[in-house]
Structures are given as C-alpha cells and as structure tokens.
Amino acid sequence: MMKQFFRKTMKNIATYVELVLSAFLVFVITILIIKLVGQCFFDIWHDKLELEYYMEYAMSLAIGVEFVKMLCTHQPGTIIEVLLFATARQMIVEHLNVYETLVGIGAIAALFTIRKFLFCSFDEADHMICRGSQTVAHANLITGAKIPEEKTRILRNVISDKLSEEGKTVAIGACVYYKDCALRVDSMREGMVTRVEVIKNL
C-alpha cells in the first residue's frame, strides 16, 4: 500500500510539472496570437496581406492549443484531435497533388473511425488496489476517485452488494461501474473480498 501511495504521489508531481509546462505554452501561444493580430493590421494597412501565411500561422497555433489540452487531460481523444489538426493543416496549407490529398483524406477518415469505434470511457484510467476493509471515504482519499456511495461503507460490502444487485457473481475480476470510476474484485479469501481495485477514469 505504501509503495502504491508513493507511486501515486510521484505521478501527481509529474502531473503538476505538465500543468506548469501547459501554462507556459498557453502564455507563448497568447503572445503569438497578439503578434499575429498586430501583424495582420499592419499588412492590411500596407496592402501586404497574404492569406496562406495567416492560415498556416493560425493552424499552427490551433495545433498548439490542442497539444496543451492533451497535456492537461491525458485522454486518447485529445491525441486524435492533435493529429487531425496536424493532418488538416498539411492538406490546407501545402499544395498537395491528388494522390497526397487522397492519402490525407484517408488518414482523417481513419482517425475519426478510431475515435468512434475503438475508444471507450476507460481506455485511459488510473487504478489502485485497496483493502476490502477500507471505507469508501478512505478509498476516495488515497485514490482520488469519487465513488458515489455512503462514505462510511466498507469497500467489500459495496462491491458485493452492487454485484448482487446486478445479478453478477462475486468473483475475482468481477466489476461494477459508476459514471467516473469502477470497482473490480482483485482478490478473495474464503468467499470474502479482501482487495478491491479502484479504477478512476481520467
């Protein structure tokens, strides 16, 4: 349990470092947007406006914004969005031939297909093993999950009762699902749940 706690602590520290990096990127992107707007007014005034340059610049900034979202959320969907923007930028800004354009369209179609059919709500998840004798409040505290049950209830009773309500057998590997998390029976002894895996959707 202590090893898992330290592992989670180090992961939280890494998350905060990523948030700092994200904040820095947001600052840089904001400065570049201001610079782009100022340059646009200057070019319009001097009749030097080039649409392709501004399209390329704007698409690059949009990719940067999606990259920041990817760092903050850690969800597979944001990776797909970054790839979609990057592919779209290449197709829109560059002068591609017919073959390259068809390849780009196929890549975008494949990305949409992957997002629709291969992703589920628990593709990206954080998990921790807890003792079955721990309370819901304690499990929520150490895992960062939000198990929507009475805080004084014991985990083994929660998962056993929930499985029974759903007509499932209480056995190793059996799961119950909530909106933002899930519980899985990790180990049993003499018919009693001894350890419960708490899975938190990121």
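The set of residues in region 81-93 that are open to solvent by 50 Å² or more (accessible area, probe 1.4 Å) and closer than 26 Å to GLY38 by Cβ comprises PHE85, ILE92. Selection of region 10-19 for residues being hydrophobic (A, V, I, L, M, F, W, C) and either outside any helix (DSSP H, G or I) or farther than 13 Å from LYS69 by Cα (or both) yields MET10, ILE13, ALA14, VAL17. Considering the conditions (1) of a type in the set (S, T, N, Q); (2) surrounded by 12 or more Cβ atoms within 10 Å (Cβ to Cβ); (3) more than 11 Å from VAL196 (Cα to Cα), ASN157 is excluded by exactly one of them, (3). With the requirement that a residue be open to solvent by less than 50 Å² (accessible area, probe 1.4 Å) and free of Cβ contacts under 8 Å to residues at least 24 places away in the same chain, what does region 66-80 give you? Correct list: GLU66, MET70, THR78. Of the helices (runs of 4 or more DSSP H) entirely within region 84-202, those holding at least 3 residues that are assigned by the TED database to the domain that holds THR73 occupy 98-117.
Here LYS179 passes the criteria (1) at pLDDT 90 or above; (2) open to solvent by 60 Å² or more (accessible area, probe 1.4 Å) except the one numbered (1).
When region 94-110 is limited to residues that are among the hydrophobic types (A, V, I, L, M, F, W, C) and open to solvent by 80 Å² or more (accessible area, probe 1.4 Å), the one that is farthest from VAL20 (Cα to Cα) turns out to be VAL98.
The values are calculated or read from the model by the stated rules, or taken from the named source; none is laboratory data. As the structure is a prediction and not an experimental result, all values here were calculated from the model. Cβ coordinates were reconstructed from backbone atoms using ideal geometry, including for glycine residues, and neighbour counts include every protein chain displayed. Side chains included, ligands, DNA and RNA excluded: accessible areas come from the protein's heavy atoms. Shrake-Rupley method; radii C 1.70, N 1.55, O 1.52, S 1.80 Å.
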